[in-house]
């Protein structure tokens, strides 16, 4: 599962070019190159039987985007345009790579979480420059501010269940599944 998060809280015109480039390298280019680095290993897995049915294991890449890759409301991501653009790129890469890797029998799917407490959004967390991410900590107040229908952020169990669904359903390919508690139902988005 490819996951990268390099978040910069800044408006578009205040972001230094090197910061914008670094965010894209980590969040968009990193998962792309990681997918191809693991391709030989994924190819090997196709040789092994899976379960009692004697079926071959269908290798899969699961990309991690975020709901902000589809939102048109920059407030849902703390107004970090490099972050929004980089996560939108992962959504596009998921469907494009699914098509390209289809002849190899490798599935590519994605998950797009909404507000979850993570190492990046936990209370007191900061980036390398000392910038706090406290605005992104999923609280009832934040959901009220963003207009989301839920009153709490998502859980690790919810993400794990979604990943398990994608791993176990061999017929799903090229999809990015949004898991945001309905936040994008009340924000303009292209999802």
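Hey, among 64, 76, 94, 71, which residue is closer than 23 Å to residue 177 by Cβ, at pLDDT below 75, buried (at least 20 other Cβ atoms within 10 Å of the Cβ) and under 16 Å from the mean Cα position of the chain (by Cα)? Result: 76 is the single residue among 64, 76, 94, 71 that is closer than 23 Å to residue 177 by Cβ, at pLDDT below 75, buried (at least 20 other Cβ atoms within 10 Å of the Cβ) and under 16 Å from the mean Cα position of the chain (by Cα). In the range 167-180, the residues that are surrounded by 15 or more Cβ atoms within 10 Å (Cβ to Cβ) form Cβ pairs under 8 Å with partners that are in a loop (DSSP other than H, G, I, E, B), at six or more places apart or across chains, as follows: 176/65; 178/70; 178/114; 178/191; 179/114; 180/114; 180/115; 180/148. Give the residues of the range 17-50 that are assigned to a helix (DSSP H, G or I) and surrounded by fewer than 13 Cβ atoms within 10 Å (Cβ to Cβ), sorted by residue number. Answer for the range 17-50, where residues must be assigned to a helix (DSSP H, G or I) and surrounded by fewer than 13 Cβ atoms within 10 Å (Cβ to Cβ): 17, 18, 33, 36, 37, 40, 41, 44. Taking residue 115, is it at pLDDT 75 or above and under 24 Å from residue 34 (Cβ atoms)? Considered against the rule, which asks whether it is at pLDDT 75 or above and under 24 Å from residue 34 (Cβ atoms), residue 115 comes out as no. If you go through the range 41-58 one residue at a time, do you hit one that is modelled with pLDDT under 95, touching a helix residue (DSSP H, G or I) at 6+ places or on another chain (Cβ under 6 Å) and within 25 Å of residue 183 (Cβ to Cβ)? No, the range 41-58 has no match at all.
The values are calculated or read from the model by the stated rules, or taken from the named source; none is laboratory data. Computed from a prediction, not measured in an experiment: that's the story for all the values here. All Cβ positions, glycine included, derive from the backbone under ideal geometry; neighbour counts span all protein chains shown.
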